[in-house]
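Undergrad: Here it is, the structure in full.
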Amino acid sequence: TGASGAPGELLACRPTSLPGVSLFGGFKAWKVRYASTDAKGQRNVVTGFVAIPNAPWTKGGSRPVVAFNPGTLGSGTHCAFSKQMSGRYVDAYEGGNVNEFLKAGFAVAATDGVGYLDGQVHTYMVGANAGHALLDIVRTSRQIPGGSLQPDGKVGISGYSEGGAA
């Protein structure tokens, strides 16, 4: 689906909860929709979520963000990682990984990947689609109203299985 806007431009966001993640001190989370670029160089729209611990970052510099691409969750729109993590579905096996990054004080910017919006088809194992979506959600994470992530924050990348293709 075509989109206007630069890669990583935040198109929409709303607060969400991640019931499978627990963190002493809590965190804030947002479901996001953002612009990206597909493997053919065309603009597209991708979804995901961003989570930021409430505790201040005290380890120097700006809070780092982990760009997170889950392993294979399924190809139907109901399989989107952000839907699973928000409690809509029960197969949220990646929750422990998200929790560990948040416990370390890192923010998490997790992409659903390309093709999870209504009327789209998930592009399973197309590395260029996954890679663009993963890097672009980091850009998106720094634009959230009420968020605290800064452009100079370091970025880590995490993914395996299908997420490793990113």
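The values are calculated or read from the model by the stated rules, or taken from the named source; none is laboratory data. Bear in mind that the values here come from a model prediction, so they are computed numbers and not experimental data. Methodologically, a virtual Cβ is constructed for each residue, glycine included, from the backbone with ideal geometry; neighbour enumeration extends over all protein chains shown. These area figures cover heavy atoms from the full protein model, side chains too; ligands, DNA and RNA do not enter into them. Shrake-Rupley method; radii C 1.70, N 1.55, O 1.52, S 1.80 Å.
Undergrad: Given the peptides 129-136, 39-46, arrange them by the average over their residues of other C-beta atoms within 10 Å, most packed first.
TA: Ranking the peptides 129-136, 39-46 by packing returns 129-136, 39-46.
Undergrad: Put 13, 79 in order of accessible area, largest first, 1.4 Å probe: what do you get?
TA: Result of the area sort, largest leading: 13, 79.
Undergrad: Another question about this same structure. Hey, what does the equivalent ellipsoid look like for the range 1-82, semi-axes from the Cα gyration tensor as sqrt of 5 times each eigenvalue, largest first, whole Å?
TA: Working: eigenvalues 136, 59, 28 Å².
Whole-Å semi-axes of the equivalent ellipsoid: 26, 17, 12.
Undergrad: Please list, or write none, the lysines whose alpha carbon is within less than 21 Å of the alpha carbon of residue 103, excluding same-chain residues fewer than 8 places away.
TA: The reachable lysines, counting only those whose Cα sits under 21 Å from residue 103, are 28, 31, 59, 154.
Undergrad: Using the basic label-point model (7 angstrom from Cα toward the beta carbon), what is the residue 160 to residue 55 distance in nanometres?
TA: 2.5 nm
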